[in-house]
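One structure is given here, and the rest of the page talks about it.
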Amino acid sequence: MVFPIHDDNSDRTIFPWLNIAFIAVNIAVFVLLQGMGQNNDFTFAYSVVPAEIVSGQDYQTDDELIEFSTPQGRSQAVKPGLKPTPVPVYLTLITAMFMHGSIAHLLGNMWFLWIFGDNLENAMGRVRYFVFYLLTGIIASLVHVALNSQGASSLTASLGASGAISAVMGAYVLLHPNRRVTVILLRIITSVPAYVAVGVWFAFQLVSGLGIFGGRDGGVAYGAHIGGFIAGVILAKPFVAGRPNSLDRSWQRSKRQSDSSDRII
């Protein structure tokens, strides 16, 4: 797996206020409204439920006592049921984008958004980036809904910014394929082009999704990740049309650096 540390921001011309605002809202929702993940009434009221989106009806289910194995033996836990949704269920396609299931889920998503989102805000401008983020997040959720519209998974709540962030990464690799990204790859810190850093991540999503495509493996909705990524790739160029900062010249800097290194050697 590839974990990004930072990327080349030398051509950024605007401060990423909107990207920071997205991160701040996600954190605020998790801490203040979700109660650090402990407020199940809020979380299971505003998450996306495929059956609700398909039918337009609000569903409530009872809490369920489940048993599972641990190294110490059998244990029990309460699986929260679906709670009443105070808003039209279709709005959960947006509210769920700003909620997370755990601190690790939140931190992982926000780190990827921090690395890749600022460059997209710079390329698109704040208004277009705002629309792009919400639109692709909704598309990613709808892909998940379409793939989970039947069976038990249709009543399983889904939440998180991963779909929108996957779209950000898809647009990033299309607009900045050769931009240098410093990553941890196989426990080694190295600098690679964006198409390698993001490409390895996307390949992992495809491989992980095989066999459970449309479902959730360990709570991860890979269908939403893949759908969001593809939406980002498709919509990237239309959203930067006419923008002066959309042209990626990072390949020129990389080439100059490479030529310089050759001369030194």
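The values are calculated or read from the model by the stated rules, or taken from the named source; none is laboratory data. In this text the structure is predicted, and so the values were computed from the model without any measurement. Glycine gets a Cβ as well: all are built from the backbone with ideal geometry, and neighbour counts include every protein chain shown. Just so you know, the surface numbers come from the protein's heavy atoms only, side chains and all, with ligands and any DNA or RNA stripped out. Shrake-Rupley method; radii C 1.70, N 1.55, O 1.52, S 1.80 Å.
Quick notes
- Estimated FRET transfer efficiency when R0 is 30 angstrom, pair S55-F204 (beta carbons, to 0.05): 0.35
- Paramagnetic label reach from D63 (point 7 Å along Cα→Cβ; backbone nitrogen cut-off under 11 Å): within region 141-179, no residues.
- Positive-end residue of N148, N122, A96, charge dipole of region 1-153 with Cβ unit charges: N122
- Between L32 and I234, the C-beta separation translates, for a Förster distance of 41 Å, into a calculated FRET efficiency of about 0.75.
- Sequence-distant residues sharing a close amide H with G125 (under 5 Å, placed H): none
- Interchain or long-range residues, amide H under 5 Å from V181's placed H: V192, A194
- Gap separating the Cα centres of region 73-103 and region 156-202, nearest whole Å: 27 Å
- Computed with a 1.4 Å probe over protein heavy atoms only, the accessible area of W114 comes to about 120 Å².
- Hz values of 3J(HN,Hα) by residue in region 174-185 - Karplus curve (6.51, -1.76, 1.60), Gly and Pro given as x: 6, 7, 10, x, 9, 5, 6, 10, 7, 9, 9, 10
- With Cα atoms, 0 to 90° folded angle of helix 103-124 axis to the chain main axis: 40 degrees
- Its Cα centre serving as origin, region 1-129 has a Cβ charge dipole (Lys and Arg +1, Asp and Glu -1) of approximately 140 debye.
- Evaluated with a Cβ-only charge set (Lys, Arg +1; Asp, Glu -1), region 5-78 carries a dipole of roughly 220 debye about its Cα centre, given to the nearest 20.
- Residues in region 16-30 carry Karplus couplings, in order, of x, 4, 5, 4, 5, 5, 4, 4, 5, 5, 4, 5, 4, 4, 5 Hz; the curve used is 6.51 cos²θ - 1.76 cosθ + 1.60 with θ = phi - 60°, and Gly or Pro positions show x.
- Once the 1.4 Å probe is applied to the protein heavy atoms, region 10-54 comes out at 47 Å² accessible per residue.
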